[in-house]
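Here is the structure we will look at.
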Amino acid sequence: MPDQRKLRKEKRSGISHCCFQSPSEIRSLKEKLRQLEQRVDTQSKNDHATRAKLAAMKAAPVYKGPSAFDPCPEGKVCYKGITLTFGGWIDLAGIYRSRNIASDTGSVYSAIPFPQAKNYGASESRFSARQTRFSVLAEGDVGSVTHMPCPVEAL
């Protein structure tokens with residue numbers, strides 16, 4: 001009878017016979033718990049080592065492309081929404097003529113002096129930059145859909 005009272009008391013407290021474990025089972029569970037704690041400690045050490053390696057690494061250089069905050073491309077000038085692109089070339093020509101016809105790079109064949117002219121015996125040499133050109137391309141957005149380029153070339 002005392003065993004039945006004990007069982008009733010255990011049932012009221014929520015303990016049943018299926019939960020009782022032998023000392024050998026408790027030892028094996030403690031051993032498994034110790035092994036799991038060691039694995040957690042090892043993982044924690046590895047995690048700290050990995051974080052230290054990452055902190056020691058230098059960041060790779062990043063390519064700096066055009067950004068939305070710097071809309072002016074390299075080699076151009078921007079002012080109040082207008083982009084200016086400068087261009088052109090400089091030409092320096094040397095001219096020598098055995099007869100002076102007093103003209104620039106283009107020869108006027110009808111002006112070649114005959115032997116009786118004053119400038120028949122005078123030679124001509126000069127430099128000219130007549131072919132030099134300067135250009136400016138002005139571009140801007142007139143509206144949200146319209147982009148307007150305006151090329152200007154000066155002699």
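The values are calculated or read from the model by the stated rules, or taken from the named source; none is laboratory data. Since the structure is predicted, the reported quantities are computational estimates derived from the model, not experimental observations. Note that each Cβ is placed from the backbone with ideal geometry, even for glycine, and that neighbours are counted across all protein chains shown.
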With the requirement that a residue be among the hydroxyl-bearing types (Ser, Thr, Tyr) and farther than 23 Å from residue 84 by Cβ, what does the range 126-141 give you?
128
Scan the range 108-139 for residues that are surrounded by fewer than 12 Cβ atoms within 10 Å (Cβ to Cβ) and not charged (D, E, K, R) and jot them down.
108, 109, 110, 114, 115, 116, 121, 123, 125, 127, 129
Can you tell me how many residues within the range 80-96 are of a type outside the set (Val, Ile, Thr), surrounded by 10 or more Cβ atoms within 10 Å (Cβ to Cβ) and in contact with a Lys or Arg (Cβ under 9 Å, 6 or more places away or on another chain)?
6
Test for residue 85: is it modelled with pLDDT of 90 or more, farther than 30 Å from residue 124 by Cα and in the same structural domain as residue 146 (by TED's automatic domain parsing)
yes
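Could you tell me how many of the residues in the range 71-89 are of a type outside the set (S, T, N, Q), touching a residue at least 40 places away in the same chain (Cβ under 8 Å) and not in a loop (DSSP other than H, G, I, E, B)? Step through it out loud before you land on a result.
Initial filter on the range 71-89 (of a type outside the set (S, T, N, Q)): 71-82, 84, 86-89.
With the extra rule that they be touching a residue at least 40 places away in the same chain (Cβ under 8 Å), the set shrinks to 81-82, 84, 86-89.
From the residues that got through so far, the ones that are not in a loop (DSSP other than H, G, I, E, B) too are 82, 84, 86-89.
Counting residues in the range 71-89 that are of a type outside the set (S, T, N, Q), touching a residue at least 40 places away in the same chain (Cβ under 8 Å) and not in a loop (DSSP other than H, G, I, E, B) gives 6.
Listed here are the residues, each with its yes/no results for (1) closer than 25 Å to residue 154 by Cβ; (2) of a type in the set (Asp, Glu); (3) at pLDDT below 85; (4) not assigned by TED's automatic domain parsing to the domain that holds residue 130.
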| residue | (1), (2), (3), (4) |
| --- | --- |
| 12 | no, no, yes, yes |
| 17 | no, no, yes, yes |
| 28 | no, no, no, yes |
| 39 | no, no, no, yes |
| 100 | no, no, no, no |
